[in-house]
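Have a look at the structure below before the remarks.
Read the figures in this text as sums done on the coordinates, not as results from a lab. Everything numeric in this text was worked out from a predicted model, so none of it was measured. Don't worry about glycine lacking a Cβ; one is built from the backbone with ideal geometry, like all the others, and counts go over all protein chains shown.
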Amino acid sequence: MKAWMCMNCGWVYDQATGDPMSGIAPGTAWEDVPDDWKCPDCGAEKADFDMEEI
Amino acid sequence: MTVMPKLEDLVDQSFDPFVVEKLSTGDCPDPYPRIHELAARSPVIEGSYRMQFTDVPDAQMGHLPQVMVLGYDAVLHVLTNPEIFRNKEAFAPNLGKSFGNTVTVMDAPEHTRFRKIFQKAFLPQVVAKWGESVVDPVVSRLMENFIHRGEADLIEEFTHHYPFQVIYAQVELDPAQGPTFHKLAIAQLLSSIGLPQGPEASGKLGAFFTELLRQKRANPGPDLISHLANVEADGEKLPDDVLVSFLRQLMNAGGDTTYRGTSVLLTALLTHPDQLAAVIADRSLIPAAIEEALRWEGPVSSTFRYCSVDTEIMGHPIKAGTYINTVLASANRDPEKFPEPDKFDIFRKNTVRNLAFASGPHLCIGQHLARVEMTRALNAILDRMPNLRLDPDKPAPAIIGHLLRVPEHLWVKFDAS
Ligand code: HEM
Ligand SMILES: [Zn+2]
């Protein structure tokens, strides 16, 4: 399975969970996550995420 | 084929860094009542965390202006505002002396650049593969020493060794050099308290790694060192000093912490037999048990940051030049975030994430590896040591220390095989 992963810390974005603490509702597609959103674990930018095999 | 360089022992071979290390982490049985008391008073309190628990002065940092920051929100604020709360000045006088120019002693943009290269070697999908190839054989070899006996001290005979041996396997160290390696790794920390064995150990580890890197650049293999020695970022290889410093840090950042984390996990389960029984009955509870153990008794109680501008934390002014004791243990036992915070309860629901691995740009690089190691260790113990219980004839395990907490012994009985 592939998923969007933070290259600075390894945190994985799970569309089903979203990131409610930062206002990203469960079910939000990666494309719809705003560009100024940050990794909830390490604070890296959305642009620091890559599609990785997990 | 590489010929492993020889690691030189300390000149004074009778010097025992483990004893000195024990003295510096203290024997405080329970720092949490004090932590709760402080956190209830204010999120920002004058003074250092360390001086709450020991009268031994801090030669490195003692004379510097310090505050403690307490509670989940305040701690998270410090960790996630790295432009204000910096690492370089905070760690140069202590860890920087032991390890050299490593990621912990850097800030952006230098940190950002090097961090990504190192993290890449420890991403979840990378370390997942080491579970079977590296961790299982280490765990299994250690267990062979006591599995037939029906009793063991899981600290002395198991947890104190396995994460270090995982690292030795990564650097393909000759097992005969293991004890010297472990000793030097602990001794290098003593630079921060001014003992001559500190720089001696850092120098000897540095010479060993420098030679190893030279060999791995000439004859790369599939191992971690070869990977790090040859990986490029923006067309550049990692500078030797940054890489050697990282490898020095790996022993302590990866070995000492995981040893303590695993010890606490096993202690917590064995002293809460109902929860141990639940995990035995349903292994899918292991991830929750690991997270709860790390929250409840995280191996790293407090870390440092340096406040680089006049600022405030939750309305409390902080002057530029103040050293911030960022008390992770107080965040993880914040009653606002974790109801009944002193209770070990693997069935906690809907909590915020704990800060045992910190947060922000310096978040632990090895967290995914640590989880793989702890999972493999616990599974092997549950598989091969049926009817596991505390030894009723021995003292109950006591987690001690104010900074890096761990029990000294964990005596257990089980059905021998
Ligand atoms: C249960 C085990 C572990 C715990 C509790 C732990 C805890 C931590 C904490 C709290 C930090 C952040 C310190 C700060 O920001 O001031 C950290 C950083 C770090 N950890 Fe771990 N750690 C563990 C295992 C490991 C392992 C297995 C490795 C091996 C790769 C590792 C490598 C590192 C490194 C290199 C850093 C520095 C990261 C940076 O500054 O960017 N840790 N760890
Ligand atoms: Zn991240």
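Listed values, structure above:
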{"item": "10 Å-binned pair-distance histogram of segment A:2-53 (Cα, whole percent)", "result": "28, 64, 8"}
{"item": "Contour excess over end-to-end distance, with Cα ends at B:Asn387 and B:Ser417 and 0.36 nm allotted per residue", "result": "9.6 nm"}
{"item": "Trypsin sites (Lys or Arg not before Pro) lying in DSSP loop within segment B:274-320, provided at most 16 other Cβ fall within 10 Å", "result": "B:Lys319"}
{"item": "The protein assembly as shown shape via C-alpha gyration tensor axes, a/c threshold 1.5", "result": "rounded"}
{"item": "Cα pair distances in segment B:306-353, grouped into 10 Å bins until the bin that holds the longest one, percent each", "result": "22, 36, 25, 16, 1"}
{"item": "Virtual spin-label span in nm between B:Asp174 and B:Met51, 7 Å along Cα→Cβ", "result": "4.9"}
{"item": "Mean Cα-pair separation over length for segment A:2-53, i.e. relative contact order, pairs under 8 Å, 6 or more apart, %", "result": "43"}
{"item": "Whole-Hz couplings from phi, Karplus 6.51/-1.76/1.60, listed for segment B:197-209; x for Gly and Pro", "result": "5, x, x, 4, 5, 4, x, 6, 5, x, 5, 4, 5"}
{"item": "Other-chain or far-sequence residues with amide H under 5 Å of B:Phe304's (modelled H)", "result": "B:Thr326"}
{"item": "Within chain B, helix-based [θ] at 222 nm, where runs of 4 or more DSSP H residues each add -39,500 (n - 2.57), nearest 500", "result": "-12500 deg cm²/dmol"}
{"item": "Reachable lysines, given that their alpha-carbon falls under 21 Å from the alpha-carbon of B:Lys204 and they are not under 8 places away in the same chain", "result": "B:Lys6, B:Lys97, B:Lys183, B:Lys216"}
{"item": "Note, ³J(HN,Hα) from phi for segment B:244-251, Karplus 6.51, -1.76, 1.60, rounded to Hz, x at Gly and Pro", "result": "4, 5, 4, 5, 4, 5, 3, 4"}
{"item": "Cβ-based net charge around B:Leu10, under 12 Å, with every Lys or Arg adding one and every Asp or Glu removing one", "result": "-3"}
{"item": "Local electrostatic count at B:Thr267 - Lys and Arg +1, Asp and Glu -1, tallied over other residues with Cβ under 14 Å", "result": "-3"}
{"item": "Karplus-derived HN-Hα couplings along segment B:156-163 (A = 6.51, B = -1.76, C = 1.60, θ = phi - 60°), whole Hz, x at Gly and Pro", "result": "4, 9, 9, 5, 6, 10, 5, x"}
{"item": "Relative contact order, percent, chain B [alpha-carbon distance under 8 Å, six or more residues apart]", "result": "28"}
{"item": "For chain B, built as a Gaussian network whose Cα springs stay under 10 Å, the top-fluctuating residue of B:Ala176, B:Ala92, B:Ala277", "result": "B:Ala176"}
{"item": "For chain B, built as a Gaussian network whose Cα springs stay under 10 Å, the top-fluctuating residue of B:Pro222, B:Pro93, B:Pro29", "result": "B:Pro222"}
{"item": "For chain B, the spread of Cα positions along each principal axis, largest first, Å", "result": "61, 55, 42"}
{"item": "Separation in nanometres of the label points that stand 7 Å from Cα toward Cβ, at B:Ala278 and A:Ala16", "result": "2.2"}
{"item": "Gaussian network model of chain B, springs between alpha carbon atoms under 10 Å - residue of B:Asp256, B:Asp58, B:Asp383 with greatest fluctuation", "result": "B:Asp383"}
{"item": "Cross-link reach list, aspartates and glutamates versus B:Lys394, counting only Cα pairs under 20 Å and skipping chain neighbours closer than eight places", "result": "B:Asp27, B:Glu151, B:Asp153, B:Glu156, B:Glu157, B:Glu408, B:Asp415"}
{"item": "Shape of segment B:93-166, Cα gyration tensor, a/c cut at 1.5", "result": "oblate"}
{"item": "Net +/- balance of residues flanking B:Leu388 in space, Cβ distance below 10 Å, scoring K and R +1, D and E -1", "result": "+2"}
